[in-house]
Amino acid sequence: MSTDAEVAGGRPEVAGDAGGSSLTVRDAFPPGFFVGAATAGHQIEGGNVASDSWALEHVPDTVFRHRSGDAVDFYNRWPEDVAMAAGLGLQALRFSVEWSRVEPVPGEFSRAQLDHYRRLAAACRDAGLRTVVTFNHWTTPLWFAAEGGWTNPHAVERFQRYVNVAAAHLAGEIDWAITLNEPNVATVAAVGGGGVGGSAVGDLGRALEHASRRHPAATGSFKPMMLWEGDQLGRYAEAHRRAVEAIKSHVDAPVGWSLACVDYQAVPGFEDRAAAVRDQAVTAWLEVSRDDDFVGVQNYTRRLVGADGVERPAPGAPVDDLGWELYPQSLANAARYAASVSRRPVVITEHGVCTFDDSLRLQHTGRALEHLAAAVAEGLDVRGYLHWTLLDEFEWFSGYDVTFGLVEVDRHTFERKPRPSAAWLGGVAVGRTRP
Ligand code: BGC
């Protein structure tokens, strides 16, 4: 166990259980490897009123435990947060541009909102943080959802139009670009095994359907984020390709998408079944990354696949507050698998622990990083690690009752207090310089 993964004499160590070795993170990862934190607009900004999620949070009988409301006011407090992240020693910040702010009405773009995100990106870079910019982290404008969301035949061109405008505006301030966050999340939920993507609700689709039917704008065509029918992979792959094109026409930076990469493992005797689950939920999506500069890997857990398909964690297995098994090897396993299918360099774009017990966060992350370092030592090409997430956040259906945050935020005063894990992660990054 790597409970002693603290910064020792300025030298961050991630000691752990992999072969009894004691690795120094600084030495274990290649030059240029970055350590940072990931965030998403809707979960921290607050007041994202023109989005589909906001609408679903406000329907009568909503499936969301809370409304996002002011979230943690990152929309106004980002200067403080950027300074804090850099002050902790982090080297990168992942944030998303909220499409519904930038294009609140179809075809009408807000210069002021685009400037907002440009200022945020520029401030990160001035503070020495690489920017990892997500163009869509699930939420879409309400008008887009009302027109059928991703199922609308014009969805791809609408997304491309927005990405093109946003990329042109942020050009020069982007170090890494992510087109879509976890487009495979509904598929991961569909193959089973319980809550995914922050959902404490087992059946994601049914829950969203329920919420959608209650919105005043609900017609047969209302399809908010994550609610799907039809060929998801085909549609998202096309949206991704067109977004890559748009970004690359303005930005000279690596572009990819980030995928939910659950580490599916077969119960002995059920290898074929596990392969089928893996193919549907992960492999087919990773194949799309073959034409990209990198693949974003997001891993939180493993899932065993047995006679009844995807299983819940065994009784007594260590789990986090969302009931996800804490299995430190899952990150390295997922990264290895993603690299083997996509044949592209990997960036860990999310990994974290849902808990208020910060020593658990620190301990589990330390062990996971040690396994990742061992995989890198064996030749796996990983370019960076972004911990989910910087601040206490709106955890989708579970609202504010749970957290993945490195930094505690008082929801009434918005006061930020870094938890020990934040200083520890900053320590992991210490000593690295921008290549
Ligand atoms: C999502 C985040 C979410 C996290 C934890 C990821 O799938 O990208 O938005 O908060 O999982 O549930």
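What follows draws every value from the coordinates through simple rules; no lab data is involved. In this text, all values refer to a predicted model and were calculated from it rather than measured experimentally. In this analysis, Cβ positions are derived from the backbone assuming ideal geometry, glycine residues included, and neighbour counts consider all displayed protein chains.
What ranking do 336-345, 182-191 get when scored by the average of other Cβ atoms within 10 Å per residue, highest first? Please list the in-between numbers first.
Numbers: 336-345: 19.2, 182-191: 23.1.
With the highest mean Cβ count within 10 Å placed first, the list reads 182-191, 336-345.
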Any idea how far the Cα center of the stretch 23-72 sits from the one of the stretch 289-336, in Å? 20
In the chain, which longest range has no GluC sites (Glu not before Pro) that are both DSSP loop (not H, G, I, E or B) and surrounded by at most 12 other Cβ atoms within 10 Å? 1-228
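For the stretch 4-430, calculate the relative contact order in percent as a whole number, restricting contacts to Cα pairs under 8 Å that are 6 or more residues apart.
Details: 942 pairs, mean separation 95.2, N = 427.
About 22 percent, as a whole number.
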Note: the stretch 347-435 at 4 °C, 1.567 mPa s; Kirkwood Rh on alpha carbon pairs; Stokes-Einstein D in µm²/s works out to 92
Computed E for GLU157/GLU80 - FRET, C-beta separation, R0 30 angstrom, nearest 0.05: 0.20
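Taking the inverse of the average 1/r across all pairs of different Cα atoms in the chain, what Kirkwood radius in Å do you get?
Values: mean 1/r = 0.0465 Å⁻¹.
It works out to 21.5 Å.
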With 10 angstrom as the radius, rank CYS354, CYS261 by how many other C-beta atoms surround their C-beta, starting from the fewest. CYS354, CYS261
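Calculate the FRET efficiency for ASP291 and ASP410 from the Cβ-Cβ distance with a Förster distance of 51 Å, rounded to the nearest 0.05.
Numbers: r = 45 Å, r/R0 = 0.88.
The calculated FRET efficiency here is 0.70.
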Of the options PRO328, VAL430, HIS351, report the single residue whose Cα projects farthest towards the positive end of the charge dipole of the stretch 293-435 (beta-carbon charges: Lys, Arg +1; Asp, Glu -1). VAL430
